[in-house]
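Scroll down for the structure; my scribbles are underneath it.
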Amino acid sequence: MEPNIELKENERIDDLEYKDLKIIQNKEGFCFGIDSILLSDFAKQIKKGAKVLDLGTGTGIIATLLCGKTELSEIIGIEVQEEVYEMAKRSIRLNHLENKFKMIQDNITNLNQHFEKNTFDAIVTNPPYKKKETGIQNEDTRKLISRHEIEANLEDFIKISKDMLKDKGEFYIVYRPERLVDLISLMRKYKIEPKRIRFVYSHIHAISKLVLVQGIKNANPFLKLEENLYIYDENNHYTDEILEIYHKK
């Protein structure tokens, strides 16, 4: 039975077309994109019974999908924006995930006040890509915080991940290739060894706009560069792999 969920102005319920999961979004705010969908698929190897942390969870799209794609025991989302946090909490009720998916409203830099170090088996994150005061500065504060390093920067995300992960804990991130050197150097700095990298392309003749990276805390160096992931084929249709990720094949 679907709970009675109140929607606010400009909000809608989107069907994720997977295990009857849904998400509440505000069409005037920052809505999830394919980067979150791809990260949830990239991280679906998270182990059974894992305790997982979703840094900057937004409306909860990644955590919601991981509840369906994995056998994790619990996932904690942390979101700094109160309005977005409240939306995520209503999505949790909508999907009957109260026993598995929990939310905290705070800045990720304050996580040490909520949890002891070495608490989580895995961390997933789709952090802001743009440095503060670079690129187009969107007037909508929600979009600005989602896209730019205003509340926390990349080093904050990596540093808190090092603190929160157990030894050999897994770290999953989707990011922009133009900042890959920053990402890899910070992961090494904080003892999260890069283990898998996969570049994402719109189509075979495009340049990569996204990169998926997995790291393991305190692991030995050994990096696997996985096959490229293409979103569209030569006819501008979704590739078979994207259709499988969207559960439409």
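Only the coordinates and a few stated rules stand behind these numbers; no lab work does. Note that the structure is predicted; figures quoted are calculated from it, not measured. We place every Cβ from the backbone using ideal geometry, glycine too, and count neighbours over all the protein chains shown.
Worth pointing out:
- Residue order, fewest to most surrounding Cβ atoms within 10 angstrom, among ASP54, ASP106: ASP106, ASP54
- Given +1 at the Cβ of Lys and Arg, -1 at the Cβ of Asp and Glu and no other charges, the dipole of segment 15-99 around its Cα centre is 360 debye to the nearest 20.
- In this calculation the C-beta distance from HIS237 to LYS189 is compared with R0 = 41 Å, giving a FRET efficiency of 0.50.
- Counting only DSSP H runs of at least 4 residues, each contributing -39500 (n - 2.57), and dividing by the residue count of the chain, the helix-based mean residue ellipticity at 222 nm comes to -7500 deg cm²/dmol.
- Rounded to whole numbers, the Karplus 3J(HN,Hα) couplings from phi for segment 194-211 are x, 10, 9, 9, 9, 8, 10, 10, 4, 7, 5, 9, 8, 8, 5, 10, 9, 9 Hz, using 6.51 cos²θ - 1.76 cosθ + 1.60 with θ = phi - 60°, and x at Gly and Pro.
- Each of GLU83 and GLU98 was given a label point 7 Å from its Cα along the Cα-to-Cβ line. The distance between the two points is 2.7 nm.
- Candidate values (1) 1.20; (2) 0.99; (3) 0.94, label of the one derived for Rg/Rh (Cα atoms, Kirkwood Rh): (3)
- Within the shell of other residues whose beta carbon sits under 13 angstrom from the beta carbon of GLY169, the net charge comes to +4, with Lys and Arg scored +1 and Asp and Glu -1.
- Under a 5 Å amide H cut-off, with hydrogens placed 1.01 Å from N, LEU53 pairs with ILE76, ALA122, ILE123, VAL124 among residues at least 5 apart or on other chains.
- Working note: Karplus 6.51/-1.76/1.60 with θ = phi - 60° gives segment 13-21 the couplings 9, 9, 7, 7, 6, 8, 6, 6, 7 Hz, where Gly and Pro are set to x.
- Placing pseudo-labels 7 Å out from each Cα toward the beta carbon at LYS168 and ILE204 gives an inter-label distance of 4.1 nm.
- Loop-resident sites, segment 1-38, for trypsin sites (Lys or Arg not before Pro), counting at most 16 other Cβ within 10 Å (DSSP): LYS8, LYS19, LYS27
- Which listed pairs, of LYS189/LYS248; LYS8/LYS166; LYS51/LYS195; LYS117/LYS248; LYS27/LYS48; LYS44/LYS117, have C-alpha distances above 32 Å, in listed order: LYS189/LYS248; LYS8/LYS166; LYS117/LYS248; LYS27/LYS48
- Derived scalar couplings ³J(HN,Hα) [segment 83-92; Karplus, 6.51 cos²θ - 1.76 cosθ + 1.60; whole Hz; x for Gly, Pro]: 4, 5, 4, 5, 4, 4, 5, 5, 5, 4
- A cut-off of 5 Å between modelled amide H atoms, ignoring neighbours fewer than 5 places along the same chain, links ASN118 with MET164, LEU165.
- Within segment 59-103: backbone nitrogen closer than 15 Å to the LYS44 label point (7 Å, Cα to C-beta): 62-72
- Beta bridges per DSSP with both ends in the chain, % antiparallel, nearest 5: 45 percent
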